[in-house]
1. Condition first: in contact (Cβ under 8 Å) with a residue 60 or more places away in the chain, in contact with a Phe, Trp or Tyr (Cβ under 9 Å, 6 or more places away or on another chain) and not acidic (Asp, Glu). Now tell me which residues in region 167-200 satisfy that.
2. Scan Ala123, Ala146 and give me the residue that is touching a helix residue (DSSP H, G or I) at 6+ places or on another chain (Cβ under 8 Å) and not acidic (Asp, Glu).
3. Is one or more of the residues making up region 37-44 under 17 Å from Gln115 (Cβ atoms) and not acidic (Asp, Glu)?
4. Do we have Lys69 as free of Cβ contacts under 8 Å to residues at least 60 places away in the same chain, outside any strand (DSSP E or B) and surrounded by 14 or more Cβ atoms within 10 Å (Cβ to Cβ) here?
5. Within the group Leu178, Leu196, Leu214, which residue is touching a Lys or Arg at 6+ places or on another chain (Cβ under 9 Å) and either modelled with pLDDT of 90 or more or over 22 Å from Asp138 (Cα atoms) (or both)?
6. Restricting to region 1-39, what's the tally of residues that are loosely packed, with under 13 Cβ neighbours inside 10 Å, touching a strand residue (DSSP E or B) at 6+ places or on another chain (Cβ under 8 Å) and polar (S, T, N, Q)?
7. When region 25-53 is examined, which residues are found to be free of Cβ contacts under 8 Å to residues at least 12 places away in the same chain and of a type in the set (Ser, Thr, Tyr)?
8. Select from region 119-141 the residues that are farther than 24 Å from Thr14 by Cα and not hydrophobic (A, V, I, L, M, F, W, C) and write down the one among them that is farthest from the chain's Cα centre (by Cα).
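The values are calculated or read from the model by the stated rules, or taken from the named source; none is laboratory data. All of these numbers come straight from a predicted model, not from anything done at the bench. Glycine also receives a Cβ, built like all others from the backbone with ideal geometry; neighbour counts cover every protein chain displayed.
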Amino acid sequence: MSKEALYIGIMSGTSLDGVDTAIVAIKGKQIRLLDSDFLSYPDTLKRDVLAICQGQATSLKSIGELDHKLGELYANAVESLLAKSSYNASDITAIGNHGQTVFHQPDGDIPFTTQLGDNNLVAALTGIDTIGDFRRKDMALGGQGAPLVPAFHRYLFGDSESTQVILNIGGIANVSVLQPNGDVIGFDTGPGNVLLDHWCTQAFGQAFDKDAQLANQGMVHHELLARCLRTLT
């Protein structure tokens, strides 16, 4: 039986609201969440990331500086997480850091994907081995680099005798289809929370609908819902 080890995961998604971190204990397929934390994006950093994501003109110098700033932010997020927990850097086997996606082009003659956030800097500042750059190997092998979560779903749930479909709703929603023979299909289904966050920002001046406080004030428009559902059949 494998020995339990502690890891830190770092994630900042398309919402750009901040950095989520978690300490997890992993032993085989047993995964326990031990602690978690959230660190907001500084406004200037969020503005700079959005500028690149929205196709504004940039330079190698600006991209390099943003890569460094994000690396520092991720390291700060790890230090914040450890400070509120009962664990030290020496307790952690490794950090997994996805980075911030600023461009993703899975199709075309030259497919590529770009995530920023210097993992070398994260490792140097935290003193913890750091692993990242998760998407490009998948693309090198003919995949689209997204979504990544089907591999994790197969690891956790892939022993079933029936086909399983798992929906993951992040900024962009995706599904994993796990078949009994071990085959896995995964694909993005379209916007998840990103459009809701954008609407909340534009209409209500808040980054997201915390605890669904806004949504709970609404009522279902049954005629419109039925019309939308008919377009899916």
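1. As a first pass, look at region 167-200 and keep what is in contact (Cβ under 8 Å) with a residue 60 or more places away in the chain: 170-172, 193-194, 197.
Now drop any that are not in contact with a Phe, Trp or Tyr (Cβ under 9 Å, 6 or more places away or on another chain), which leaves 193, 197.
If the condition is that a residue be in contact (Cβ under 8 Å) with a residue 60 or more places away in the chain, in contact with a Phe, Trp or Tyr (Cβ under 9 Å, 6 or more places away or on another chain) and not acidic (Asp, Glu), then Asn193 is the only one that fits.
2. Numbers: Ala123 fails: touching a helix residue (DSSP H, G or I) at 6+ places or on another chain (Cβ under 8 Å).
Selected residue: Ala146, the only one of Ala123, Ala146 that is touching a helix residue (DSSP H, G or I) at 6+ places or on another chain (Cβ under 8 Å) and not acidic (Asp, Glu).
3. Within region 37-44, the subset under 17 Å from Gln115 (Cβ atoms) is 41.
Remaining after also requiring not acidic (Asp, Glu): 41.
Checking region 37-44: at least one residue is under 17 Å from Gln115 (Cβ atoms) and not acidic (Asp, Glu).
4. Details: free of Cβ contacts under 8 Å to residues at least 60 places away in the same chain: yes; outside any strand (DSSP E or B): yes; surrounded by 14 or more Cβ atoms within 10 Å (Cβ to Cβ): yes.
Judged against the criteria, Lys69 is a match.
5. Values: Leu196 fails: touching a Lys or Arg at 6+ places or on another chain (Cβ under 9 Å); Leu214 fails: touching a Lys or Arg at 6+ places or on another chain (Cβ under 9 Å).
It is Leu178.
6. Number of matching residues: 1.
7. If the condition is that a residue be free of Cβ contacts under 8 Å to residues at least 12 places away in the same chain and of a type in the set (Ser, Thr, Tyr), then Thr44 is the only one that fits.
8. Per the stated criteria, the residue is Gly127.
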